[in-house]
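Novice: Handing you this structure, nothing more for now.
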Amino acid sequence: MSRDGRRRVLTAAAVALPLLAAGLSATTTAQANDRKTVAGTRPTWAHASADRGKTNDDQRLDARIWLAGKDPKGLDAYAEAVSTPGGPLYRRFLSPADFDSRFGPTDAQKNAVKSWLTSAGLTVDAVNSHYVHVTGRVSQAKKAFGTDFHNYAAQHTIVRAPAGEATVPASVASAVRTITGLDSAKHVRVVGDTLPPPEPNYWVAQPCEQYYGQKIATKQPKAYGKHQPYAMCGLLPKQLRGAYGATSSGLTGKGATVAIVDAYAAPKMLEVSNTFSKKYGERPFAQGQYREVLPATFDQVDECGASGWYGEEALDVTAVHAVAPKAKVVYVGAQNCLDTGLDDAMLNIVDHHLADIVSNSWGDLSEHYDASMIQAEESIYKQAAIEGIGFYFSTGDCGYEVPGTPCQARYGNAGSTKRQTDMPASDPWVTAVGGTTLAVGKRNDYKFETGWNFTTDSLSADGKTWSPAPPGHYPDNYAGGSGGGTSELFTQPGYQRAVVPSSLSRTLPDGSKAAKPMRVIPDISAVADSTTGIRYPEWAQLPDGSYGYAESRVGGTSLACPVIAGLQALAQQRQGGAPIGFANPAIYLRANKGLLHDVTDTPLGKKNPVAFVRTNYTDPYAKQGPLVYVLRTTGNYGIPKGDALPAVRGYDSITGVGTPTAKYLLSYRF
């Protein structure tokens, strides 16, 4: 997640387990006057009680009409079959050109859609194999899409949305997959902004430890009956490789390419990465091993907090290269942090097959997604599956997104209004990556992990106790944790049926029972806790106001996702360089077979919670002020049942099937 913050099986494959059950979809239905409805184009929040009257007809509109292509049903079937282990089409991937030839839209379809839109007075700004982009006024959109537009109270503001589902002429209905951008929530754009300079670096204070148990905080109060260890200074590449089996497996990621999708572009990324590698005895990027693919311009700089994305990119690049030092890395920067910019970055990857593995450390609340957005993005993930590309998404850093916690307060007006999972991680066509707290030993060996859910308690004024007494007062002291849980949007995919307990798949976020099993996330996990996070480099503002090389410590599922992406690059090398493609079916086949670390909340025993003493500067950006000490307790200790995502034996909704081992990596064979 960003540091602050989307069937049928071919007859020949009928013997294989279907990947996906029927999920949320937006389809066209019959409508009077020779038009058809495009279901899912009216957001769920655009209901009568939120209606604030008609929208001004002169308001600007910016929309995308996503194209269904020649054979949408065949596309769905092929995506399923090519990803189903044991089926005759398993891993029979297509090139982008073959995909477009077989499933892409015809020129006749494009021209028909374009003609319909221009006849309504809308301006067609772009046409490609995925969508037709139009701009215009609401008055023209009313004519084109056969619906009125109203203002609605939503997301703590007033936004525009269709008063009814959009309709299209029957003559073009078969060419239209869905329509996005008809509502104004998160779709406002400007152009030509200049990227801001980097933010000040967050400096790590001493004391901190190099490995688990190296330094015990004997000068600080006890917690849970003993003095706890200091937080890590930040795990180094060799520690990540040792903990997750990369070192013992002998794999380096050679021959694999990992793409990283974030917004904007950090300055001097290659330079600072190689400086970091040389400093710690690691392999710098070889010539041509790292490259960047960027848009011609960036926009939405202020709205998106562009400089905040620089650290995200630095983290992602560092994590992938740390785990898979010989894999190629391509950074694909989005024009902005909106769905339009990030979608275009992902489309660039699938249209040119820039990589086989794609790490995405960003997302949003499920309540901010409507059916049209899901349909649009899922078309990207299905194309990726057909081409042998796997998309990986972080699950978020606020647990079950419970409203009213300090973690949620960081999101301001965009905060969650209910328990829910994040998107796009919840989509059944991507791999959702959850987070853990990881302990690494003196010899870079794996000690233990626990589910990442942490509370914080401060040092009392007299320095003699922790206040409030641990585990503190929930939710006031809940600071964050790995996202996960049961989706309200998607039914259970076939690959989860034999692994995910029904007690999870049939229990919705509000505690009610689902009529049928639902999708549960995450699928797999890795280290996320910033208390044991990684050391990473960045070109940042220094305390004296100048800019230069700096290091910090960071965590979040923003870390877990690129770590898993790097480990999957090792698995791809193990199977002779052949792409894994959409990974979930292969991952779940390896569950409960001793190939993964089975993470629980009590690795040290039920009465011995995992805790650390973290040292902070009063002003960590200026590297000044008296030191501040806090106690961090992780592993879901002291959080009421129902609010937390527990880590238990077997599959759970915070760590999925577990974390990789050398046996997991070596289980992938050509």
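The values are calculated or read from the model by the stated rules, or taken from the named source; none is laboratory data. What you see is a predicted model, and the numbers here were worked out from it, not measured in a lab. Every residue, glycine as well, gets a Cβ built from its backbone with ideal geometry; the counts of neighbours run over all protein chains shown. When the accessible area is computed, the model is the full protein with side chains, heavy atoms only, and any ligands, DNA or RNA have been set aside. Shrake-Rupley method; radii C 1.70, N 1.55, O 1.52, S 1.80 Å.
Matching residues to (1) of a type outside the set (Asp, Glu); (2) under 30 Å from residue 560 (Cβ atoms); (3) at pLDDT 95 or above; (4) open to solvent by 80 Å² or more (accessible area, probe 1.4 Å):
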site: 9; (1), (2), (3), (4): yes, no, no, no
site: 16; (1), (2), (3), (4): yes, yes, no, no
site: 34; (1), (2), (3), (4): no, no, no, yes
site: 53; (1), (2), (3), (4): yes, no, no, no
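Novice: Could you say which residue among 236, 270 is over 18 Å from residue 559 (Cα atoms) and open to solvent by 10 Å² or more (accessible area, probe 1.4 Å)? Steps first, answer last, please.
Specialist: Details: 236 fails: over 18 Å from residue 559 (Cα atoms).
Within the list 236, 270, the selection yields 270.
Table: residues versus (1) within 30 Å of residue 455 (Cβ to Cβ); (2) charged (D, E, K, R); (3) open to solvent by less than 10 Å² (accessible area, probe 1.4 Å).
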residue: 325; (1), (2), (3): no, no, no
residue: 330; (1), (2), (3): no, no, yes
residue: 335; (1), (2), (3): no, no, no
residue: 360; (1), (2), (3): yes, no, yes
residue: 381; (1), (2), (3): no, no, yes
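Novice: Return the pair list, or none, for Cβ contacts closer than 7 Å from residues in the range 501-521 that are basic (Lys, Arg) to residues that are outside any strand (DSSP E or B) and modelled with pLDDT of 95 or more, at least 6 apart or on different chains.
Specialist: 506/514; 506/517; 513/506; 519/426; 519/428; 519/492; 519/493
Novice: If you don't mind, there's one more thing I want to ask. May I ask you to say which residue of 566, 594, 556 is out of contact with any Phe, Trp or Tyr (no Cβ under 7 Å at 6 or more places or on another chain) and more than 29 Å from residue 364 (Cα to Cα)?
Specialist: It is 594.
Novice: Next question. Mind counting the residues in the range 73-96 that are in a loop (DSSP other than H, G, I, E, B), under 30 Å from residue 111 (Cα atoms) and within 25 Å of the chain's Cα centre (by Cα)? Quick ask: steps written out before the conclusion?
Specialist: First pass over the range 73-96, keeping only residues in a loop (DSSP other than H, G, I, E, B): 83-95.
This time we only want the ones that are under 30 Å from residue 111 (Cα atoms), so: 93-95.
Going one step further and asking which of them are within 25 Å of the chain's Cα centre (by Cα), we end up with 93.
Total meeting the criteria: 1.
Novice: In the range 145-166, what residues are in a loop (DSSP other than H, G, I, E, B), farther than 25 Å from residue 110 by Cβ and among the polar types (S, T, N, Q)?
Specialist: Within the range 145-166, 155 is the sole residue that qualifies.
Conditions tested, residue by residue: (1) of a type in the set (Gly, Ala, Ser); (2) more than 29 Å from residue 240 (Cα to Cα).
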{"site": "427", "(1), (2)": "no, no"}
{"site": "441", "(1), (2)": "yes, no"}
{"site": "452", "(1), (2)": "no, no"}
{"site": "468", "(1), (2)": "no, yes"}
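Results for (1) modelled with pLDDT under 95; (2) touching a helix residue (DSSP H, G or I) at 6+ places or on another chain (Cβ under 7 Å); (3) open to solvent by 60 Å² or more (accessible area, probe 1.4 Å); (4) farther than 30 Å from residue 540 by Cα, shown as yes or no for each residue.
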residue	(1), (2), (3), (4)
103	no, yes, no, yes
113	no, yes, no, yes
123	no, no, yes, yes
127	no, yes, yes, yes
137	no, no, yes, yes
178	no, yes, no, yes
181	yes, no, no, yes
185	yes, no, no, yes
195	yes, yes, no, no
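Novice: Right, something else. Show the residue pairs meeting these rules: Cβ distance below 7 Å; 6+ apart or different chains; first residue within the range 236-258 and closer than 14 Å to residue 211 by Cβ; second residue part of a strand (DSSP E or B) and among the aromatic types (Phe, Trp, Tyr).
Specialist: From residues that are closer than 14 Å to residue 211 by Cβ, the pairs are 243/446.
Novice: Another question, then. With in a loop (DSSP other than H, G, I, E, B), open to solvent by 20 Å² or more (accessible area, probe 1.4 Å), of a type in the set (Lys, Arg) and farther than 30 Å from residue 669 by Cα as the only criterion, which of 70, 142 stands out? Walk me through it before giving the result.
Specialist: On the way: 142 fails: in a loop (DSSP other than H, G, I, E, B).
Every option except 70 fails the conditions.
Novice: Now a separate question. May I ask you to verify whether residue 252 is under 20 Å from residue 574 (Cα atoms) and among the β-branched types (Val, Ile, Thr)?
Specialist: Working: under 20 Å from residue 574 (Cα atoms): yes; among the β-branched types (Val, Ile, Thr): yes.
Yes.
Novice: Look through 293, 317, 301 and report the one residue that is of a type outside the set (Gly, Ala, Ser) and out of contact with any helix residue (DSSP H, G or I) (no Cβ under 7 Å at 6 or more places or on another chain).
Specialist: Of 293, 317, 301, the one residue that is of a type outside the set (Gly, Ala, Ser) and out of contact with any helix residue (DSSP H, G or I) (no Cβ under 7 Å at 6 or more places or on another chain) is 301.
Novice: Then there is this: Only residues that are more than 20 Å from the chain's Cα centre (by Cα) and crowded, with 18+ Cβ neighbours inside 10 Å: list them for the range 652-665, please.
Specialist: Within the range 652-665, 661, 662, 664, 665 qualify.
Novice: Answer with yes or no whether residue 384 is outside any loop (DSSP other than H, G, I, E, B) and small (Gly, Ala, Ser). Talk me through it step by step, then tell me what you get.
Specialist: Values: outside any loop (DSSP other than H, G, I, E, B): yes; small (Gly, Ala, Ser): yes.
In short, yes.
Novice: Same structure, new question: May I ask you to verify whether residue 564 is of a type in the set (A, V, I, L, M, F, W, C), modelled with pLDDT under 95 and buried (at least 19 other Cβ atoms within 10 Å of the Cβ)?
Specialist: Judged against the criteria, residue 564 is not a match.
Novice: Look through the range 218-240, keep the residues that are assigned to a strand (DSSP E or B) and in contact with a helix residue (DSSP H, G or I) (Cβ under 7 Å, 6 or more places away or on another chain), and return whichever of them is nearest to residue 464 (Cα to Cα).
Specialist: 232
Novice: Given the structure, is residue 613 of a type in the set (A, V, I, L, M), out of contact with any helix residue (DSSP H, G or I) (no Cβ under 7 Å at 6 or more places or on another chain), modelled with pLDDT of 95 or more and not in a loop (DSSP other than H, G, I, E, B)?
Specialist: yes
Novice: All but one of (1) assigned to a loop (DSSP other than H, G, I, E, B); (2) within 20 Å of the chain's Cα centre (by Cα); (3) hydroxyl-bearing (Ser, Thr, Tyr) hold for residue 331; which doesn't?
Specialist: All conditions are met except number (1).
Novice: Kindly indicate whether residue 549 is assigned to a strand (DSSP E or B) and either over 18 Å from residue 260 (Cβ atoms) or open to solvent by 40 Å² or more (accessible area, probe 1.4 Å) (or both).
Specialist: yes
Novice: Which count do you get for residues in the range 414-446 that are modelled with pLDDT of 95 or more, in a loop (DSSP other than H, G, I, E, B) and surrounded by fewer than 24 Cβ atoms within 10 Å (Cβ to Cβ)?
Specialist: Going through the range 414-446 one residue at a time, the tally reaches 5.
Novice: Moving on to the next point. Could you tell me how many of the residues in the range 473-531 are modelled with pLDDT under 95, more than 30 Å from residue 237 (Cα to Cα) and assigned to a strand (DSSP E or B)?
Specialist: Selection size over the range 473-531: 0.
Novice: Can you name the residue in the range 408-451 that is touching a His at 6+ places or on another chain (Cβ under 8 Å) and not hydroxyl-bearing (Ser, Thr, Tyr) and is also nearest to residue 602 (Cα to Cα) among such residues?
Specialist: Per the criteria, the residue is 449.
Novice: Quick check, is residue 363 within 22 Å of residue 183 (Cα to Cα) and small (Gly, Ala, Ser)? If you could, list the steps in order and put the result at the bottom.
Specialist: Values: within 22 Å of residue 183 (Cα to Cα): yes; small (Gly, Ala, Ser): yes.
In short, yes.
Yes/no per residue for (1) of a type in the set (D, E, K, R); (2) part of a strand (DSSP E or B); (3) open to solvent by 30 Å² or more (accessible area, probe 1.4 Å); (4) closer than 30 Å to residue 78 by Cα:
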position: 581; (1), (2), (3), (4): no, no, no, yes
position: 588; (1), (2), (3), (4): no, no, no, yes
position: 594; (1), (2), (3), (4): no, no, yes, no
position: 602; (1), (2), (3), (4): no, no, yes, no
position: 629; (1), (2), (3), (4): no, yes, yes, no
position: 639; (1), (2), (3), (4): no, no, no, no
position: 644; (1), (2), (3), (4): no, no, no, no
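Novice: Would you please name the residue that is modelled with the lowest pLDDT, looking only at residues in the range 362-375 that are buried (at least 24 other Cβ atoms within 10 Å of the Cβ) and part of a helix (DSSP H, G or I)?
Specialist: 366
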